[in-house]
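**Student:** Here you go, one structure.
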Amino acid sequence: AETVLITQQSHEELRKVIDANKTAAPGQQRLVVVSVSPQSRASLAAQFGLNPTDTARKLTAFFKKIGVHYVFDTSFSRNFSLLESQREFVQRFRGQADSQQALPVLASACPGWICYAEKTHGSFLIPYLSTVRSPQQVMGSLVKDFFAQQQHLTPDRIYHVTVMPCYDKKLEASRPDFFSQDYQTRDVDCVVTTGEVFKLLEEEGVSLSELEPAPLDSLCSSVSAQEPSSHRGGGSGGYLEHVFQHAARELFGIHVDEITYRPLRNKDFQEVTLEKEGQIVLHFAAAYGFRNIQNLVQKLKRGRCPYHYVEVMACPAGCLNGGGQLKAPNTPGKELLQRVETLYSMVRTEAPEDAPGIQELYRCWLQGEGSERAGRLLHTSYHAVEKASSSLGIRW
Ligand code: SF4
């Protein structure tokens, strides 16, 4: 089933939808929307020797040239993922004594890790998982709900494609939780990897560097996007950093400017602590790669997990090193990754609560923070697969 999904959700499927639009009767066309992840943008920037802003503008020009109507940036939807993660953590921390929801909160933006948790550990890990949707799936809600209303279209009249650093995002997009029964459509119809975008460029005979840049699109008509923006805290979304800084301020009145990571077993397993009056009051960790994830799960199973929050990612070194990113035949992997990391962090960063349009969308689209609508459109749930995989660390 996974192989079928990977061949169905591909740049070829995107091309078919664009071609069908060219011959469709008036009123029968689908609005094609592409949402690009900042990790993919950094990988393409490294490949073409461009800066991230030029890459974003030239990618927009390329997609428009082949028949895409709008090109958005998933950094925008990540503002919601980060704000909801901060709120969820504080609630769970405060309610620890009488809450069914357990600590540590385990970040859930990585579908490689979520699939492993559901398939390999039955229902054991599910209470720990953050219920916040990943930036890809928040973008799904934004495009198929908010943007569809703005365009006076039903969600099935929009074909929504995301550009992502990994193949596992295709499986995330196809989860039944993100399918609308009413309109028989998914929040994200098709996921293409960075490598598949590169193939599309090659097949179209286009070199990104030679394209004239186009202005960036914005989901919110009141916001004009001049250049891409991103978040602090590393190439996997900055969950640990944002939740930590917010929790330190909100729960203990401490302002943390810079986060100091302490490596544990290796550079992919690091921790951060906050002390007050000589006591550790917050204990966070980042665990990347299956070796470290297995170690974390063992700690949890033995009741010896000291953490309040863990940013868990399946790929060693995180999303910038995802399996769908571009490889450079003549450049060692480590050197290329460093280049991609530099390009990723060259973008202007902003605090999610200050990002233009976010407060307005909470008010007008979601009917307020913590509302039933925000719960439905920004959160999800998980399902234990009782037939456990026998092999720890198996990728799917
Ligand atoms: Fe995908 Fe890897 Fe990032 Fe997980 S860590 S979301 S598998 S790129």
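The values are calculated or read from the model by the stated rules, or taken from the named source; none is laboratory data. Fair warning: this is a prediction, and the values are worked out from it, not measured in the lab. In this analysis, Cβ positions are derived from the backbone assuming ideal geometry, glycine residues included, and neighbour counts consider all displayed protein chains.
**Student:** Every residue in the range 88-118 that is assigned to a helix (DSSP H, G or I) and either away from the ligand (no atom under 16 Å from the Cβ) or modelled with pLDDT under 95 (or both), please.
**Tutor:** Once the filter is applied, which keeps residues that are assigned to a helix (DSSP H, G or I) and either away from the ligand (no atom under 16 Å from the Cβ) or modelled with pLDDT under 95 (or both), the range 88-118 yields Glu88, Phe89, Val90, Gln91, Arg92, Phe93, Arg94, Gln96, Ala97, Asp98.
**Student:** In addition: Report yes if some residue within the range 181-188 is surrounded by fewer than 18 Cβ atoms within 10 Å (Cβ to Cβ) and of a type in the set (S, T, N, Q); otherwise report no.
**Tutor:** yes
**Student:** Limited to the range 151-197, what total is found for residues that are within 16 Å of the ligand (Cβ to nearest atom) and over 20 Å from Leu44 (Cβ atoms)?
**Tutor:** Adding up the residues that qualify gives 6.
**Student:** Here is a follow-up. Give the residues of the range 135-174 that are assigned to a loop (DSSP other than H, G, I, E, B), touching a residue at least 40 places away in the same chain (Cβ under 8 Å) and surrounded by fewer than 24 Cβ atoms within 10 Å (Cβ to Cβ), sorted by residue number.
**Tutor:** Across the range 135-174, the qualifying residues are Gln151, Leu153, Tyr167, Ser174.
**Student:** Can you tell me which residues in the range 261-290 are within 24 Å of the chain's Cα centre (by Cα), assigned to a loop (DSSP other than H, G, I, E, B) and more than 16 Å from the ligand (Cβ to nearest atom)?
**Tutor:** Within the range 261-290, just Tyr261 meets the criteria.
**Student:** Residues that are touching a residue at least 60 places away in the same chain (Cβ under 8 Å) and farther than 30 Å from Val71 by Cα: does the range 203-225 have at least one?
**Tutor:** No, the range 203-225 has no match at all.
**Student:** Do you know which residues across the range 212-260 are of a type in the set (Ser, Thr, Tyr) and in a loop (DSSP other than H, G, I, E, B)?
**Tutor:** Result: Ser218, Ser221, Ser222, Ser224, Ser236, Thr260.
**Student:** For Leu378, indicate whether it is in contact with a Lys or Arg (Cβ under 9 Å, 6 or more places away or on another chain), aliphatic (A, V, I, L, M), more than 16 Å from the ligand (Cβ to nearest atom) and modelled with pLDDT of 95 or more.
**Tutor:** It is true that Leu378 is in contact with a Lys or Arg (Cβ under 9 Å, 6 or more places away or on another chain), aliphatic (A, V, I, L, M), more than 16 Å from the ligand (Cβ to nearest atom) and modelled with pLDDT of 95 or more.
**Student:** Here's another thing I want to ask about it. Would you mind finding the one in Ser77, Ser85, Ser43, Ser81 that is outside any loop (DSSP other than H, G, I, E, B) and within 14 Å of Tyr344 (Cα to Cα)?
**Tutor:** Just a single option satisfies the conditions, and that option is Ser43.
**Student:** Looking only at the range 298-336, which residues are surrounded by 18 or more Cβ atoms within 10 Å (Cβ to Cβ) and more than 16 Å from the ligand (Cβ to nearest atom)?
**Tutor:** Residues satisfying the conditions are Leu300, Cys305, Tyr307, His308, Tyr309.
**Student:** Do we find that His152 is at pLDDT 95 or above and on the phi > 0 side of the Ramachandran plot in this structure?
**Tutor:** Yes.
**Student:** Another question about this same structure. Looking at the range 283-296, I want the residues that are within 22 Å of Thr260 (Cα to Cα) and have a partner that is of a type in the set (Gly, Ala, Ser) and modelled with pLDDT of 95 or more with Cβ atoms under 6 Å, at least 6 apart or on another chain. Which pairs are those?
**Tutor:** Tyr288/Gly318; Ile293/Ala287; Leu296/Ala287
**Student:** Moving on to the next point. Of the residues that sit in the range 337-361 and are touching a Ser or Thr at 6+ places or on another chain (Cβ under 6 Å) and either within 16 Å of the ligand (Cβ to nearest atom) or outside any loop (DSSP other than H, G, I, E, B) (or both), which one is nearest to Cys166 (Cα to Cα)?
**Tutor:** Selected residue: Val340.
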